[in-house]
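Worksheet: the structure to be examined is printed underneath.
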Amino acid sequence: MATLLRKIGLIRLHNRDTEDPKHHHNHRGGGQQSASLRGKGGAKSGHKPPPPPPPQLPHPPGGAGDASPGPGKGKAKRAAELAPRDKQPQPGAGAAGAAGAGGPRERAAGARAGPGPAAAAAAAAAGGGGLVPAARQQHCTQVRSRRLMKELQDIARLSDRFISVELVDESLFDWNVKLHQVDKDSVLWQDMKETNTEFILLNLTFPDNFPFSPPFMRVLSPRLENGYVLDGGAICMELLTPRGWSSAYTVEAVMRQFAASLVKGQGRICRKAGKSKKSFSRKEAEATFKSLVKTHEKYGWVTPPVSDG
């Protein structure tokens, strides 16, 4: 037994002494290498160290001597350039807001552009708000005057002396028109001959916006019955209403249409005692005309054509 133990011990001593020294070296180096790898792995898993600082330049990046902005300062410079644009006044904010906002370049641009529409409207209202209505009224007066002067000239040149005109109180916008002729085959013409009535007298007043609105026309004398002549001397004709009127109608054409409607409606000169001497009134005629316009706009109009006269 003792001999066996000694043999085992000698074998162990022999193996230990005959082992390759490089084996022990590699074993120790492997530990160091694994430690080194563990160190590198730890560096990969952790945060990266900050990069080394950039080299110092003669001028600061992004400064006056450098054309390209440095890191982080380009955005700041861009924001500084956009800031004045954001402060520019909105259109119509007025000259004061445009002059006080933005930089010198923006203020100069605002001065060249002038005040916005809102500022211009405010200035017009403050300085001369009444000029536009006054100019419009003056223009309407000129149009009406030129049209009526032409109408007077055309009526004066009529060869058949169908109508004649007299100005009321020398006013160009208030006429007394004499209707000298109606259909000679009508009973109205016979009444005029029997009563020695030379003409039927009518009054025409022209509104401010004539010829785009119709004149107000009424019979003054003699007192008529039927023939579309109503209380106060009002005349029931659609073309005398805003709905039936056209700016192309002339006074002569209106009077010829009225003469035709008198005949078509069997108009007669009133001969009743007491009633024949009662004159027509303008107030009654205006009230009657307004009433008949409302009635006929609801139920329609019937106006005889000139050919029926």
- Message: Just to check your reading of the model, which residue among G267, G274 is modelled with pLDDT under 80 and over 44 Å from the mean Cα position of the chain (by Cα)?
- Response: G274
- Out of (1) exposed (fewer than 15 other Cβ atoms within 10 Å of the Cβ); (2) assigned to a helix (DSSP H, G or I); (3) not hydrophobic (A, V, I, L, M, F, W, C), the one G232 does not meet is (1)
- Message: Within the range 102-183, considering only helices (runs of 4 or more DSSP H) that don't extend past its boundaries, which have at least 1 residues that are modelled with pLDDT of 95 or more and either closer than 26 Å to S246 by Cα or open to solvent by less than 70 Å² (accessible area, probe 1.4 Å) (or both)?
- Response: 131-156
- Item | Residue list for the range 236-268, filter: in a helix (DSSP H, G or I) and of a type in the set (F, W, Y) | F258
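The values are calculated or read from the model by the stated rules, or taken from the named source; none is laboratory data. Remember, it's a predicted structure, so these values are computed and weren't measured experimentally. Using ideal geometry, Cβ is built from the backbone for each residue, glycine included, and neighbour counts are taken over all protein chains shown. Just so you know, the surface numbers come from the protein's heavy atoms only, side chains and all, with ligands and any DNA or RNA stripped out. Shrake-Rupley method; radii C 1.70, N 1.55, O 1.52, S 1.80 Å.
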